[in-house]
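The next block holds one structure in the form of structure tokens; read it before the comments.
The values are calculated or read from the model by the stated rules, or taken from the named source; none is laboratory data. For clarity, every value in this text was computed on a predicted model and none was experimentally measured. Methodologically, a virtual Cβ is constructed for each residue, glycine included, from the backbone with ideal geometry; neighbour enumeration extends over all protein chains shown. We work out accessible area using only protein heavy atoms, side chains counted, and drop any ligands, DNA or RNA first. Shrake-Rupley method; radii C 1.70, N 1.55, O 1.52, S 1.80 Å.
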Amino acid sequence: MSSWYKSWILLTGFILFYVAYLLFGAFVFSTIERPVEDKLKRDIQVLKEEFLNQSCVNATSLEHFLEGVLQANKYGISILPNSSASSNWDLASSLFFANTLVTTVGYGHTTPLSDTGKAFSIFYALLGVPFTMLVLTACVQRLMHLVTYGPISMCRQKIGLEPLAATAIHFAILLLVVVLGFFVVPAVVFSYIEDTWSFLDAIYFCFITLCTIGLGDYVPGEKPGQNFRSLYKISVMVYLFVGLMMMYLVLRAFHRMADLHGLTSFFQLPHCDEDIEEDKEPIIEAGHEDQHEAEDSAKPLDPASQTSYNTINR
């Protein structure tokens, strides 16, 4: 089996293990936090009944009631009757929380209620954040050949464009596709599903999310009585992962273009030549049968025969 197939098999294994890691975190978070959430809901309901049963409400009782309501709202629990049916720690919501945790988006709309959940969040993110970056990097490395190198080479061979023009046109098209496919179209969908969101609110949410800012003022699937809430949450998770991958791809493509156009040299920034060689290498080491070929290819060549972004006439 060639190293190319091995690398794709390993990449598939990475993605499957990533999904399994998210499911594991969702199960643990749901198991730990769901009982604590139910207890807090019962406590706030008792507080509400005690407040309503009083014949005359004084300032102390009102302050005690408001303090309990605000404390429960801090953890995503509302006293309103329409909000009591859904849970923030069912499997789908826990999966959504785990995804926002390891992607460093962290909306903050839902936080662990127990000390055990907080401690598990630390260890879970300690492993999950670098592993998420590893999976994103591996995916982008494979997409660079399909989305960047291939189209640029086609523009040069089929159309006869110069390297500078080909990379500039490619980056403009890629940027347009990402803006339309991951900002405009999702914003239309979000503004349609979320009744209280305008199109500007949805665009704002997409930007804040894909930039991993995650302010938490807009979170999808949190309105009471949301139809297909679990499916909606999982769909947003997929959008978040693919969107982050595409944002990373755009940054890599821009770095390539800046290197070719001399911007990295002008601002004295690192070049992409080393990254290009890393992108061409498989994510696993070649087998014994490929070692001799790798050694031959590693031998120094005539510098004039080597091609890089820096050797192209600007």
Original post:
In whole angstrom, how far apart do the alpha carbon centroids of segment 1-53 and segment 170-226 sit?
Top reply: 23 Å
**OP:** Using a 1.4 angstrom probe, figure out how much accessible area segment 1-40 has per residue, in square angstrom, rounded to the nearest whole.
**Re:** 60 Å²
**OP:** Calculate, in nm to one decimal, what Ile159 and Leu52 gain on full extension: separation in residues at 0.36 nm each, minus their alpha carbon distance.
**Re:** 30.9 nm
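Roll a 1.4 Å probe over the protein chains and send me the accessible area per residue for segment 81-156 in Å². Each step should come with its number before you reach the end.
Details: 3160 Å² over 76 residues.
Computed with neighbouring chains in place, this is 42 Å² per residue.
Please go through the residue pairs Lys41/Lys118; Lys48/Lys118; Lys39/Lys233 and name each one whose alpha carbons sit more than 22 Å apart in this structure. Numbers along the way, then the final one.
Working: Lys41/Lys118 19 Å; Lys48/Lys118 28 Å; Lys39/Lys233 24 Å.
Beyond 22 Å between Cα atoms: Lys48/Lys118; Lys39/Lys233.
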Original post:
Once phi is turned into ³J(HN,Hα) by the Karplus curve 6.51 cos²θ - 1.76 cosθ + 1.60 with θ = phi - 60°, what whole-Hz value does each residue of segment 219-229 show in order, with x for glycine and proline?
Top reply: 10, x, x, 9, 6, x, x, 5, 6, 6, 4
Subject >> Point-to-point label distance, Ile173-Ser265, nm (Cα→Cβ direction, 7 Å offset) >> reply: 2.7 nm
